[in-house]
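For reference, the structure is listed below as structure tokens.
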Amino acid sequence: MATIKDIAKMAGVSIATVSRVLNYDTTLSVSDDTKKRIFEAAEELSYKKKPARKQEAGKIAVLQWYSEKEELEDLYYMSIRLGVENRCLLQGLDTAKFFQNNYEALKEDEIQGLIAIGKFSSQQVDELVKISGNIVFVDTSPDEDRFDSIVIDFEKATSKVLDYFIEKGHKHIGYLGGREGFKDNTSIIEDPRERTFKRYFADKGMLNETFMYQGTFSVDDGYSLMKRAIEEHGDNLPTAFFAGNDSIAVGALRALLEEGISVPDRVNIIGVNDISVSKYVFPALSTIKVYTELMGETAVDTLIERIEGRKTAKKIFIATELVIRNSSF
């Protein structure tokens, strides 16, 4: 595992700055550019080094459904993007990077194919098809009969966490989740983690919706949601919380620390994604590891197959793994 010293050296900042950024210290004033360098360094150093191949002809576009600023709040999508870019470098492919806030520029570039990272409405998908007939969607599957997609089974991942909590004897389990909408504001996206959590406990006759909190998938909302839970439940606060992503979990950890609530002795927390910072927060975060680098790499390989002539669509599921660290028993 890369150390904070390694990250600081690569990002060109002090060790103290790296530590405070990785722990989402709200009292630290640094630019988004500095945060980006630190987060990208942490992601890059977590990858296995691969030899570069000789450059070949070819250019693909990588479209991130987030803006650059939003990407800093949810490193899951940054990690996928970096996996795509590293694989393209290995395969000798040039990449053109686009974020949601500069989407229009994509229409002016000459590309062989497109990797779309995130969630896109039917109207947005129609627009992307006009740009390229070779598209791979990552983290969503808008039409598995037409388009290639690389996805995670978040229902199965959620069940892994809840099974683990039950096995450890937890009877009161909370949920801290996020809700998202398409960037063209056409609709809210149903989240499979929230849906699975409800069904799981409803089937066991244990569902208590007062233990469920929803906001956005951000550190700030993780903090505010846990603060609400502490205020509303007091001594009856659940002994375990499943957080819909690691950013929410990191914010929740900060709220518990401020309130003097011991983790994991009083409250267990498990997140989702295993973003690079999860190892460096205190206490180190237990989480569902999503192999984001592999998602990005697989998207590139799948797109190459499309460019080379494959016609039949493929939907590829990438496995997940429960990683137990210090925020849970």
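Please list Leu75, Leu89, Leu294 in order of solvent-accessible area, largest first, computed with a 1.4 Å probe with all protein chains present.
Leu89, Leu294, Leu75
Å³ per residue of the Cα convex hull, for the chain?
Given the Cα convex hull of the chain, per-residue volume reads 138 Å³.
With viscosity set to 1.306 mPa s and temperature to 10 °C, compute the Stokes-Einstein D of the range 50-190, Rh being the Kirkwood radius across alpha carbon pairs; µm²/s, no decimals.
93
Using a 1.4 Å probe, what is the accessible area per residue for the chain, in Å²?
Using a 1.4 Å probe on heavy atoms only, each residue of the chain averages 45 Å².
Taking just the alpha carbons, could you work out the radius of gyration and Dmax for the range 182-326, both in angstroms?
Rg then Dmax for the range 182-326, in Å: 18.2, 61.
Which percentage, to the nearest 5, of the DSSP beta bridges contained in the chain is antiparallel?
Here the antiparallel bridges make up roughly 15 percent for the chain.
For a Förster distance of 30 Å, can you work out the FRET efficiency between the beta-carbons of Ser67 and Leu207, rounded to the nearest 0.05?
The calculated FRET efficiency here is 0.25.
Per the 1.4 Å probe, what fraction of the accessible area of the range 142-226, in percent, lies on carbon and sulfur atoms?
Using a 1.4 Å probe with all protein chains present, the range 142-226 comes out at 45 percent carbon and sulfur.
Give the long-range amide H neighbours of Tyr66: residues separated by 5 or more places, or on another chain, with amide H under 5 Å away, using H modelled in the peptide plane at 1.01 Å from N.
Distant-sequence amide H within range of Tyr66: Gln100.
Give me the one-decimal nm value for the distance between modelled label points at Lys59 and Asn185, 7 Å along each residue's Cα-to-Cβ direction.
3.4
How far is it, in nm, from the label point at Glu231 to the one at Glu258 when both lie 7 Å from their Cα along the line to the Cβ?
1.1
For each pair in Lys35/Lys198; Lys198/Lys289; Lys5/Lys171; Lys119/Lys168, compute the distance between the two Cα atoms and list the pairs where it is over 29 Å.
Lys35/Lys198; Lys5/Lys171; Lys119/Lys168
Please identify every one of the trypsin sites (Lys or Arg not before Pro) in the range 197-259 that sits in a loop by DSSP and has no more than 11 other beta carbons within 10 Å of its own beta carbon.
Lys204
Label the range 141-252 by shape, choosing from rounded, prolate and oblate, from the square roots a ≥ b ≥ c of the eigenvalues of the Cα gyration tensor; if a/c is under 1.5 it is rounded, and otherwise prolate applies when a/b is larger than b/c, oblate when it is not.
It comes out oblate by the Cα gyration axes.
How much mean residue ellipticity at 222 nm does the chain get from its helices, if each DSSP H run of length 4 or more adds -39500 (n - 2.57) and you divide by all residues, to the nearest 500 deg cm²/dmol?
Calculated at 222 nm, the ellipticity per residue is -12500 deg cm²/dmol.
Val151 versus Ile15, label points 7 Å from Cα toward the beta carbon: distance in nm?
Reported label-point gap for Val151 and Ile15 is 4.5 nm.
Step through the table entries Lys156/Lys314; Lys36/Lys107; Lys183/Lys279, compare each Cα-Cα distance with 22 Å, and write down the pairs that go over it.
The answer is Lys36/Lys107; Lys183/Lys279.
So for the range 249-329, what are the equivalent ellipsoid semi-axes in whole Å, largest first, each being the square root of 5 times an eigenvalue of the Cα gyration tensor?
38, 11, 9
The values are calculated or read from the model by the stated rules, or taken from the named source; none is laboratory data. Only a predicted model underlies this, so the values are computations on that prediction, with no experimental measurement involved. Using ideal geometry, Cβ is built from the backbone for each residue, glycine included, and neighbour counts are taken over all protein chains shown. Surface areas here come from the heavy atoms of the whole protein model, side chains and all, with no ligands, DNA or RNA. Shrake-Rupley method; radii C 1.70, N 1.55, O 1.52, S 1.80 Å.
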